[in-house]
Amino acid sequence: MTRRTQVAVVGAGPAGLLLAEVLQRQGVESIVVERRDRAYVEARIRAGVLETGTVEMMRRAGAAERLEREGLTHDGIEIAIDGHRRRVDFRGLVGASVTVYGQTEMTKDLGNRRAASGAETLYEALDVSLHDLETKRPRLQFVRDGREDEIEADFIAGCDGFHGACRPSIPAERLGVYERVYPFAWLGIMADCPPPADELIYARHQRGFALCSMRSRSRARHYLQAAPDEDLDQWSADRIWSEIAIRIGDPQGRLLKTAPLIEKSLTPMRSFVCETMRHGRLFLAGDAAHIVPPTGAKGLNLAASDVHYLSQAIVAFYRSGSQAELDAYPARALARVWKAQRFSWWMTTMLHNAGPGEAFQDKIHRAELDYVLGSPAAQTSLAENYVGLPY
Ligand SMILES: Cc1cc2nc3c(=O)[nH]c(=O)nc-3n(C[C@H](O)[C@H](O)[C@H](O)COP(=O)(O)OP(=O)(O)OC[C@H]3O[C@@H](n4cnc5c(N)ncnc54)[C@H](O)[C@@H]3O)c2cc1C
């Protein structure tokens, strides 16, 4: 069976669902094709700090009602060096804030919105392949319920994450890729207990980085710097809690509440940009085109800013018939992507221990952090980037 639509979206993560719903509200129809089932997609624990622009994109998708009710506004962060904490006041410095709201919740809200509008999302679509990308009728083929299926569209949006099928469909000789892999990873936990402070605590400690974050006032999300091949079995809950307490400067555990772990995972750290965000009628958005280390909380937010530029370009095409905005999409998106890459790299290197044999780098990064915490000018730059550069 061949279905026909205007935009075929591959991937029902934040980028794909947000794009589909923003387009839907502008009168552009789409079909979303997703490899996993809906419950799996909505339970995938990942990001949780939203820039103002991302919240605005959720409004434009008509899916911000619960986010506005339940999201936590954070006007700053705390940064600890060897246990001594200082606050960076975003609102005071740049008059803006961020919203803490889980990616799981954002995906559920977008999925509900899409189901309510009657728009099609085809979950459990396997073996997705892309065809005729350099023609006016690109096609997606896939297998669903054991049967071969096909979508013919005007455009394909590749929103299928880092390991998806879309980026590899671009001929290797046309791909422009830039990458850095870091020599450390994040051991992440989640637990149903209040976080130790009302705002996030980022810690640089001689034992390594730590971050105390949250998904709500009663659900904590914390991370520890670990080795990329760390054996998680060596990390009991007790060992994790006491290590977090030490790194944030709370060795007696006065602030840090504990509870049984409901998740324990290891996330590798990578910076990656595929500058080829367009190939014929295929447009990449989100993690399909770029990955940032999570220290600056930019991954999900970059997916949203790509959707902003791409949705504008697609809507302009249908309104005017002009390709100019589509042609401009990669350059517009990449200008913001590289600034977020720079910020994420900077936060990551400044806050993590560089590792054995890197004593000079560690001294420089400590001096830099010390400078930032003592300089309103440097803190303004941090705040401006953290809350999100304007679209
Ligand atoms: C473990 C982890 C922790 C993270 N933590 C943070 C964090 O704390 N802060 C932060 O800002 N960012 C974090 N990120 C990054 C953030 O979650 C991503 O940037 C964000 O999910 C990007 O959204 P996306 O829609 O582009 O990609 P994804 O969320 O990856 O969605 C892609 C979708 O495409 C589907 N798909 C893949 N391949 C195919 C295929 N062949 N056919 C059909 N469908 C396919 C996938 O199943 C998925 O649903 C984290 C990422 C990971 C992996």
DSSP-loop trypsin sites (Lys or Arg not before Pro) across segment 143-216, with at most 16 other Cβ within 10 angstrom: Arg207
In degrees from 0 to 90, rounded to the nearest 10, what is the angle of the helix 103-117 Cα long axis to the longest principal axis of the chain? 20
Accessible area per residue, Å², segment 127-235 with all protein chains present, probe 1.4 Å: 47
Connecting C-alpha atoms closer than 10 Å in a GNM of the chain, tell me which of Leu18, Leu50, Leu256 has the biggest fluctuation. Leu256
What does the extension gain come out to for His84 and Arg3, with contour length at 0.36 nm per residue minus their alpha carbon separation? 23.2 nm
Added length on full extension, which subtracts the Cα-Cα distance from 0.36 nm per residue, Ser375 to Phe162: 73.0 nm
Calculate how steeply helix 14-25 sits against the longest principal axis of the alpha-carbon atoms of the chain, using the helix alpha-carbon long axis, and give the answer as 0 to 90 degrees to the nearest 10. 50
Give the Rg (one decimal place) followed by the Dmax (whole number) of the chain, computed from C-alpha coordinates and expressed in Å. 21.3, 65
Stretch Glu29-Asp231 to full length: gain in nm at 0.36 nm per residue minus the Cα-Cα span? 68.1 nm
What is the angle, in °, between the Cα long axis of helix 237-247 and the longest principal axis of the Cα atoms in the chain? Nearest 10 is fine, range 0 to 90. 70
Ranked by how many other beta carbons lie within 10 Å on average, peptides 306-315, 267-276 from highest: 306-315, 267-276
In the chain, what percent of the accessible surface is made up of carbon and sulfur (1.4 Å probe, ligands and nucleic acids excluded)? 48
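Using only DSSP helix segments of four residues or longer, with each worth -39500 (n - 2.57), what per-residue ellipticity at 222 nm results for the chain after dividing by its residue count and rounding to 500? Each step should come with its number before you reach the end.
Details: 11 runs with 142 residues, N = 391.
Mean residue ellipticity, 222 nm, calculated: -11500 deg cm²/dmol.
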Output the relative contact order of segment 52-202, whole-number percent, from Cα pairs under 8 angstrom with separation of 6+ residues. 20
Over the chain, calculate the relative contact order: mean separation of alpha carbon pairs under 8 Å at least 6 apart, over the residue count, as a percent. 21
Total formal charge among the other residues, if their Cβ is under 14 angstrom from that of Trp338, Lys/Arg +1 and Asp/Glu -1: +3
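The values are calculated or read from the model by the stated rules, or taken from the named source; none is laboratory data. If you're wondering where the values come from, they're calculated on a predicted model, not measured in any experiment. A quick note on method: Cβ atoms are made from the backbone with ideal geometry, for glycine too, and the neighbour counts reach across all protein chains shown. Heads up: the accessible areas ignore ligands, DNA and RNA and are worked out on the full protein's heavy atoms, side chains in. Shrake-Rupley method; radii C 1.70, N 1.55, O 1.52, S 1.80 Å.
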